[in-house]
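No lab work stands behind these numbers, since they all come straight from the coordinates. Everything numeric here is computed off the predicted structure, so don't read it as measured data. So basically every Cβ, Gly included, is an ideal-geometry build from the backbone, and we count neighbours across all protein chains shown.
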Amino acid sequence: MGVYTSLMVSRQKRSIWRRFLSGATVGVAITAALVVPGAQGQEPQAPTASDIAEGLRLYQQKGNCQACHGWSGDGHKTDSQMPDGANLRDTKLNRSGLVTTIKCGRLNSQMPAFDKFAYSDGRCYGKKQADLKSYPTRMPDPPATLQQREIDLIVDFLLAKVVGKGPMDHARCVEFWGSDTAACKEFLK
Ligand code: HEC
């Protein structure tokens, strides 16, 4: 009987505590959504330095975003044969806008879709492969398709090192690459 009662009490205590905690979490979420600009749709956990480094690698290598957007995202493409990509340093898109653009590409433009299933089941803008024919500008095939996790890492990198960071200069270049690499020499002139 004694054990039973104390079990009841502790269970009750726990559920009160849990209710308090979930209330507190909702409160924090609401405050964050109201106070922090663009907080909606942000990842709950801050990316680690290694997430950002992995995102940088995916941007430069597997996704080959640099071919059209430049290694620093400023729109100075590294491949002159490629279409002119947008200046990602100046983009107004928030996290979810960035994720959608990378997954789905942009209709009627040369921004490719990196989600393998982007136009197979209507997940992107409600369109299927056949619908894409009606646009004068066809999206090119992506250099590689990317998993959701890889896209999230690229967006972690973009938000940490590219979006809203101003034009590249020598100090930012060293910070970007983590050392004074050859790419940074051009900013010393
Ligand atoms: C084949 C060239 C090409 C490649 C590769 C490419 N992009 Fe783009 N991207 C473009 C073009 C062109 C636009 C501008 C589309 C338009 O006209 O709105 C664009 C637009 C964007 C935008 C929208 C910017 C804005 O403010 O509206 C984002 C974000 C973006 N690209 C991210 C990426 C990322 C990240 C990668 C690599 C995973 C990538 N792009 C690879 C060509 C490319």
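Using the structure shown, select from LYS127/LYS161; LYS103/LYS161; LYS92/LYS116; LYS62/LYS127; LYS116/LYS161; LYS128/LYS165 the pairs with a Cα to Cα distance greater than 29 angstrom. Exceeds cut-off: LYS127/LYS161; LYS128/LYS165.
Between SER134 and GLU175, the simple label model (points 7 Å from Cα in the Cβ direction) yields a spacing of 4.6 nm.
Restricting the calculation to alpha carbons of the stretch 126-189 gives Rg and Dmax of 17.8, 50 angstrom. Along the stretch 67-83 the Karplus relation, 6.51 cos²θ - 1.76 cosθ + 1.60 evaluated at θ = phi - 60°, assigns HN-Hα couplings of 4, 9, 9, x, 5, 9, x, 8, x, 8, 4, 8, 10, 5, 7, 8, x Hz to successive residues, with x for each Gly and Pro. The residues MET111, MET139, when put in order of fewest to most other Cβ atoms within 10 Å, stand as MET139, MET111. In terms of the Cα gyration tensor, with a ≥ b ≥ c the square roots of its eigenvalues, is the stretch 56-189 rounded because a/c is under 1.5, prolate because a/b exceeds b/c, or oblate? Because a/c hits 1.5 or more and a/b exceeds b/c, the stretch 56-189 counts as prolate. Stretching the chain fully between LYS62 and ALA160 yields a gain of 33.4 nm (0.36 nm per residue, less the alpha carbon separation). The slack between ALA53 and LEU93, meaning 0.36 nm per residue of separation minus the straight C-alpha distance, is 12.3 nm.
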